[in-house]
Amino acid sequence: MALTLVGLSSSLHFQRIDHGSEINFHKRNNNIMSYKTKQPIVMIKNNNPHDQNHPTTTDHRISKACSRHDFEKLIKETKQVLSKMGSDQESLVMIDAVQRLGIEYHFNEEIETILGRHYVHFNNGNNNHDEYRRLYQVSTCFRLLRQQGYYVSADNAFKKFKNSKDGKFKKELTVDIKGLMGLYEASQLNIGSEDLVLDEAGEFSARFLNASIGRLCDREARMVGNTLKHPYHKSLARFMAKDFLKDFSGLKDGWPNMVKELARMDFDMIQTLHQKEVIQVSKWWKDKGLARDLKFARDQPAKWYLWPMATITNPKFSEQRVELTKPVSFIYLIDDIFDVYGSLDQLTLFAKAIERWDFRMVEQLPECMKICFRALDDVINDFSCKVFNQRGFNPVDILRKAWSNLCNAFLVESRWFVSGNLPNAEDYLKNGIISSGVPLALLHLFFLLETDINSTMAANNLLNDSPLIFSSISTIFRLSDDLGSNKDENQTGEDGSYVDCFMKDHNGCSVEMARNNVMRMISNEWKCINRECLISLQQFSPILKDCCVNTARMVPLMYNYDQNNKLPLLEKFMPTMLHKHE
């Protein structure tokens with residue numbers, strides 16, 4: 001059935017901030033199965049001034065004021081360092097560092113100025129300058145420029161590192177570990193057919209980096225391993241910042257120490273902000289009373305908040321993170337109605353009522369469906385009112401249609417699984433892209449972040465002719481989800497997945513062959529995302545494009561299951577994002 005925006009392992013638990021008991025979640029297919037899952041809630045630091053271990057209110061205020069002063073001073077000093085840098089290697093290293101530490105949003109103008117100078121040199125035939133002779137410098141400059149939205153030719157960038165006779169990368173590069181790491185990172189910015197050299201670069205660098213790990217010291221081996229498993233472009237910077245700091249500490253005194261301290265202070269402030277936001281979300285959900293009225297459904301507001309938290313990283317968009325969590329929660333809730341509760345006849349009527357947005361039709365349904373519909377109507381109306389007040393555009397009709405599309409996709413899956421007949425792979429994926437919930441979530445994201453919503457026609461185009469980047473992200477979600485649920489070669493296939501459908505379509509295809517095909521498809525969708533961001537999506541603001549890419553970056557954390565059906569990456573990184581550590 002539809003595993004919509006789902007993936008948080010039930011083994012990942014946080015200290016509760018409200019009361020509740022375990023809930024049963026039943027996944028319905030041809031055979032009924034059940035398992036128990038606990039609501040993951042975040043640990044919140046004790047803010048009671050009467051606690052003997054807590055500082056006095058006055059001390060707390062003084063400490064906070066000093067911290068803010070020091071924080072702003074560090075930002076100013078870092079800007080001064082950046083403003084004095086030219087188009088040299090050190091400027092690339094520093095930009096790479098502030099981006100990997102998740103603090104680049106403080107220095108957008110300075111970074112743009114520096115990379116603009118690099119672009120002039122790099123793209124005008126001047127990349128034979130001494131600063132661009134080494135593989136690491138060229139690779140890093142290439143990656144940073146493409147990430148910033150500058151088109152630079154991969155062929156021109158890397159031709160100097162290939163043999164003129166056979167066109168292959170030079171053998172002497174295989175001992176340049178730092179250069180190979182930079183080359184592998186650059187290969188992740190591949191945009192497709194015109195970037196064949198990046199296909200070669202990725203394969204070449206990965207092969208020799210993997211071969212080198214056994215002969216490297218612990219620190220270098222860790223750096224190489226992190227590069228291969230979590231390349232910057234496909235990872236969430238703040239989730240990886242702690243690991244980066246371990247290796248960053250090996251640099252000399254100077255601006256690195258200043259940037260490290262700034263990153264630590266920034267992380268603490270953002271962590272506190274996230275904790276306040278998750279409390280807001282939990283209170284909203286509790287006030288809705290849906291956990292009380294719909295006991296079969298998941299009751300996990302903190303988990304739902306993870307998506308907006310990871311997607312919208314700039315601290316100033318606090319309200320938008322909270323608002324996006326609300327439709328995400330209803331994607332989960334309606335998914336549970338289709339997966340767990342309703343009969344096929346009830347689900348058909350429910351989908352029809354959503355399509356017509358008809359309260360009279362809903363009255364014929366069970367009480368839980370009535371409650372869900374009314375609550376969804378309230379959320380959509382409230383969301384649309386806020387968008388109208390801020391943007392001057394009312395998206396209510398577009399959003400209602402989008403929710404109808406989601407419910408109809410859920411209904412299609414319900415019919416497939418009740419009948420026991422798997423569709424072909426193409427039909428499964430086409431429907432699965434919608435039932436992932438990602439296009440719907442990204443549509444809400446568009447209305448929250450875009451300031452220039454010109455007309456009903458332009459906004460409607462997002463619904464009727466979904467941007468290719470929305471489709472690519474949704475495809476990555478769906479395929480990654482299906483890979484995570486198809487680890488066992490002895491699986492029955494009753495739940496259905498793209499892997500199952502592909503094997504059915506290709507007689508004699510093994511699970512391994514099907515999975516390898518899916519991984520190639522995911523790689524191709526990333527190339528499409530890169531191309532859209534670099535060339536095609538001129539109508540999207542930079543912040544919206546970044547948020548879209550962050551959504552795709554969240555996938556490895558939410559769907560990379562281990563042999564114990566757990567999510568080790570999520571369990572490793574999430575506590576550092578939401579927990580206070582003394």
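Evaluate E = 1/(1 + (r/R0)^6) for Asp382 and Ser510, where r is the Cβ-Cβ distance and R0 equals 60 Å; express this FRET efficiency to the nearest 0.05. Working shown, then result.
Values: r = 50 Å, r/R0 = 0.83.
So the FRET efficiency works out to roughly 0.75.
Run the quick spin-label model on Ser541 and Lys229: label points 7 Å from Cα toward the beta carbon, then report their separation in nm to one decimal.
3.6 nm
In whole Hz, what ³J(HN,Hα) sequence does region 147-163 give by Karplus (6.51, -1.76, 1.60; θ = phi - 60°), x for Gly and Pro?
Working through the residues one at a time gives 4, 7, x, 8, 7, 10, 6, 5, 4, 5, 5, 10, 5, 5, 9, 10, 5 Hz.
At what distance in nm do the modelled label points of Ser343 and Phe296 sit from each other, each positioned 7 Å from its Cα along Cα→Cβ?
1.2 nm
Give the calculated FRET efficiency between His69 and Asn108 to the nearest 0.05, with a Förster radius of 22 Å applied to their Cβ-Cβ distance.
According to the calculation, E is roughly 0.45.
Which residues does a label at Arg215 reach in region 163-190, if reach means a backbone N under 17 Å from a point 7 Å past the Cα toward the Cβ?
Answer for region 163-190: 171-181.
Compute the Cα gyration tensor for region 281-369, then decide on rounded, prolate or oblate, letting a ≥ b ≥ c be the square roots of its eigenvalues: rounded whenever a/c is under 1.5, prolate when a/b is larger than b/c in the other cases, and oblate in all that remain.
prolate
Each residue of region 74-87 in turn: what ³J(HN,Hα) in whole Hz from Karplus with 6.51, -1.76, 1.60 and θ = phi - 60°, glycine and Pro shown as x?
Karplus-based 3J(HN,Hα) across region 74-87 equals 5, 4, 4, 5, 5, 4, 5, 4, 5, 5, 8, 7, x, 9 Hz.
Each residue of region 258-266 in order: what ³J(HN,Hα) in whole Hz does its phi give by Karplus 6.51 cos²θ - 1.76 cosθ + 1.60, θ = phi - 60°, with x for Gly and Pro?
5, 5, 4, 5, 4, 4, 5, 5, 4
At 0.36 nm per residue, and after removing the present C-alpha to C-alpha distance, how many nm does the segment from Lys430 to Arg415 gain when stretched out fully?
Numbers: separation 15, 0.36 × 15 = 5.40 nm, distance 1.55 nm.
Answer, rounded to one decimal: 3.9 nm.
For region 82-235, what class follows from the C-alpha gyration tensor (a ≥ b ≥ c being the square roots of its eigenvalues): rounded when a/c is under 1.5, otherwise prolate if a/b is larger than b/c, else oblate?
oblate
What distance in nm separates the two pseudo spin-label positions at Lys165 and Arg222, each 7 Å out from Cα along the beta-carbon direction?
Computed distance between label sites Lys165 and Arg222 equals 4.2 nm.
Taking the Cβ of Asn530 as the centre, find all other residues whose Cβ is under 12 Å away and add up their charges (Lys, Arg: +1; Asp, Glu: -1).
Net charge in that neighbourhood comes out at +2.
Run the reach check for Lys401 against aspartates and glutamates, Cα to Cα strictly under 16 Å, same-chain hits fewer than 8 apart removed. What comes back?
Reachable aspartates and glutamates: Glu355, Asp358, Asp377, Asp378, Asp465.
Could you work out the local net charge near Lys229, counting Lys and Arg as +1, Asp and Glu as -1, over the other residues with Cβ closer than 11 Å to its Cβ?
Residues near Lys229 contribute +1 overall.
Looking at the square roots a ≥ b ≥ c of the eigenvalues of the Cα gyration tensor of region 199-312, which shape do they give, rounded for a/c under 1.5, prolate if a/b is larger than b/c, or oblate?
Details: a/c = 3.66, a/b = 1.80, b/c = 2.03.
Verdict is oblate for region 199-312.
Could you tell me which trypsin sites (Lys or Arg not before Pro) in region 145-179 are loop residues by DSSP with no more than 14 other beta carbons within 10 angstrom of their beta carbon?
Filter output for region 145-179: Lys165, Lys168, Lys170.
Considering only protein heavy atoms, what per residue accessible area in square angstrom results for region 144-210 with a 1.4 angstrom probe?
Computed with neighbouring chains in place, this is 46 Å² per residue.
Please report the carbon-and-sulfur percent of the accessible area for region 269-413; probe 1.4 Å, protein heavy atoms only, DNA, RNA and ligands left out.
50 percent
Along the charge dipole of region 117-217, pointing to its positive end and built from +1/-1 on Cβ of Lys, Arg, Asp and Glu, which listed residue (Gly202, Gly192, Leu216) has its Cα farthest out?
The listed residue farthest towards the positive side: Leu216.
Once fully extended, how much extra length lies between His121 and Lys566, figured as 0.36 nm per residue of separation less the alpha-carbon to alpha-carbon distance? Spell out each step's value before the answer.
Working: separation 445, 0.36 × 445 = 160.20 nm, distance 4.75 nm.
Between His121 and Lys566, full extension yields 155.5 nm more.
The values are calculated or read from the model by the stated rules, or taken from the named source; none is laboratory data. Treat the numbers as computed from the prediction; the structure is a model and nothing was measured. Glycine gets a Cβ as well: all are built from the backbone with ideal geometry, and neighbour counts include every protein chain shown. Protein only, heavy atoms only, side chains kept; ligands, DNA and RNA dropped before computing areas. Shrake-Rupley method; radii C 1.70, N 1.55, O 1.52, S 1.80 Å.
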